[in-house]
Amino acid sequence: MTEQQYLQSLHFEHIFDGDKPVSMAVPIVLPLSTEAKAKLEKESEITLVYNGVDLAILSSPEFFEHNKEERSGRTFGITHEKHPHIELINNAGDWLMGGKLKVLRRIVYNDGMDQFRLTPAELQAKFKEMGADAVFVFQLRNPVHNGHALLMQDTARRLKEQGYKKPVLWLSPLGGWTKDDDVPLDTRMAQHHAIIKNGVFGDTEVVLAIFPSPMLYAGPREVQWHAKARLNGGATHYIVGRDPAGMKHPGTNEDIYHMWHGQRMLEMVPELASGLKLLPFKFASYDKTASKMAFFDPARKDDFVSISGSKMRKMAREGTDPPKGFMDPEGWSILKKFYASKQEL
């Protein structure tokens, strides 16, 4: 981003294409050190290189101060140094560089998952080829359990009841940096492949495509970024859960963000509210009487037990199995093997 775009994103949660505001709630920037700035600031074009490969050319570069506290405060609502992404910001360079970017080639990771990193145009073409008249997207950074699957099946059913002939599920795992206690992408993708193969989503066709963004844990601001990216890729419907992109405050261990503010923000951003139909998130818990995941029934609240993501990861780390019906057995086996391999290191 240029400095103007950076300020627009930071303060208005949009950048402007002429007079037209475009949703861009989190800044995308390139930090660099004072030493690097001194070497580059007289150049008219700069080649961006990764692992020895020329990826892009930045022309008419401009350099501006990286005010880390302001960036953190406005993006996250806190400046606590132990927030995992704020820690990355604080460790980055004191300058930011922006300009006009020309991409030279497609970015590949050579990790066996590149075929699942589809561009927005490729996704739109795929959905069209499938004959999808509704594309509902589920953003996730955790393994999928049967409560998620139940929500996806119920969503497809409700869309058909509304008259859609072929709703397609876009399963969209986040593929960039995540905090250390999150399950890594390759393990999550293996788990996703297993559950799709084993039919946990019923007869709904599924497109598994990685969203290559890093995780920010920026709550309602980050949700807007997630939704805008999926809108660009062809999504028509977006499932918004509780406290999306949130986490516990590193100082107080309380939720940083209100659980429903992410959903409310999407309803208030005109570009997103008009382009995407928001789908309600129905909370599923483990029903002890039925031995399966089911939508929570307050009239039988004592029959339900909540198995959170942290509790799920704890069971996998300890090598214990969840109750029958919580997750596809093959999917759980993949997760448990990952944590067992960590214990061996």
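Observations on the model:
- For segment 196-238, alpha-carbon Rg and Dmax in angstrom: 13.1, 35
- With the alpha-carbon atoms of segment 236-275 aligned to their principal axes, the span from lowest to highest coordinate is 37, 16, 11 Å, starting with the largest.
- For trypsin sites (Lys or Arg not before Pro), the sites in segment 1-110 that DSSP calls loop and that have at most 14 other Cβ atoms within 10 Å are K42, K82, R105, R106.
- Cleavage-rule hits, trypsin sites (Lys or Arg not before Pro), segment 136-200, DSSP coil, Cβ neighbours within 10 Å at most 16: K165, K179
- Cβ-placed point charges (K, R +1; D, E -1), dipole of segment 14-131 about Cα centre in debye, nearest 20: 320 debye
- Debye intensity ratio I(q)/I(0), log10, segment 82-122, q values 0.29 Å⁻¹ (C-alpha model): -0.93
- The alpha-carbon of K301 sits under 21 angstrom from the alpha-carbons of these lysines, leaving out residues fewer than 8 places away in its chain: K282, K288, K292, K311, K324.
- Trypsin sites (Lys or Arg not before Pro) within segment 289-334, DSSP loop, no more than 16 other Cβ atoms inside 10 Å: K324
- Area projected by the alpha carbon convex hull of segment 1-87, averaged over all directions, nm²: 7.1 nm²
- Computed as a quarter of the hull surface, the mean projected area of the alpha carbon convex hull for the chain stands at 19.7 nm².
Since every read-out is calculated from the coordinates, none of them should be taken as a lab result. A quick note: this is a predicted structure, and the numbers were derived from the prediction, not measured. Reconstructed Cβ throughout: ideal geometry from the backbone, glycine too, with neighbour counts over all protein chains shown.
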